[in-house]
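Heads up, the thing below is written out as structure tokens.
All of the numbers you see were taken from the coordinates with simple rules; none came from a lab. Since the model is a prediction, treat every value here as computed from it, not as a measurement. Positions of Cβ are backbone-derived with ideal geometry, glycine not excepted, and every protein chain shown enters the neighbour counts.
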Amino acid sequence: MIVWLMLLLAGVTAPPRTHTVEIRGMEFHPAVLTAAVGDTVVWINRDIVPHTATATGSGTKKWDTGQLGQGQTGRYVVSRAGAINYACTFHPTMHGKLIIR
Amino acid sequence: MLPFAVTLALTAVLQAQSAAPAQAPDLTDPEVAHVAVTANSIDIDAAKFAQTRTRNAAVKQFAATMITDHTAVNAQAAALATKLGVTPADNAVSQSLQSGAAQAHSALESLQGGAFDRAYMDREVAYHQAVLDAIDKVLIPTTENAELKRLLVDVRPAIATHLEHAKQVRSQLSAPARTGK
């Protein structure tokens, strides 16, 4: 409990960070990313084919990078804690997950 | 029967390869480029036709992805060919691919509704499997130019993903919840 509180406190007080998820070889790298509320997640598409990073599931607040062509980036400023699954709308076999502290 | 028609050409190449594994495939780089562009164009055309015929949302979405992805790959291939000063050269493999595609198209043309969806997705599963095998066993090994080889290596995961996507959509079509003939 104390450790958890310390982590929570650290999460609140630490300056926002930017995390990068690379999309290459039809996969999100890393597939699971841990971040804090207020952080920014940036997806960069290294593939030839277009991709998206789009929140899935009905309960979560929806976000979507929109179509990212080769070399393009999309971002999401994390607004709430919890685990968020996301996928590529063009390639339903591509999955990623954000774990927000 | 239908899913195999379009893959006959590639299968023939693969069988020739496995029969003589030590022998290098007889394709020049301009011919490899032509096979790649032909294989992409065939799938784009099939997807465009499927979009006019299907009413299934998952099949529609799959077809849209095929058009987007194979168009992007062809644009990349064209840019590379221009950069390398390579003119894609027509060849026997490209020609058999095209005649296989024409056969598959006429078989699909007579189908409607669920029967069309199942036949189209069967074909897409078989086609992407055949293209994947051709990339691994024929196209990558035979290509001499490093950048062209790199393009094939880069494209491979997309084809593998399409194959999984196609299998996923196909399995949804045969779900017991679906009714009708």
Which of the listed residues, B:Asn56, B:Tyr127, B:Leu152, is farthest toward the dipole's positive end in the range B:27-172, when Lys, Arg count +1 and Asp, Glu count -1 at the beta-carbon?
B:Asn56
Rounded, prolate or oblate, given the Cα gyration tensor of the range A:26-65, with a/c below 1.5 counting as rounded?
oblate
Could you calculate the FRET efficiency of B:Asp26 with A:Asp64 from 1/(1 + (r/R0)^6), where r is the beta carbon distance between them and R0 is 41 Å, rounded to 0.05?
0.30
Given points 7 Å out from each Cα along the Cα-Cβ axis, report the A:His95 to B:Ser99 separation in nanometres with one decimal.
4.5 nm
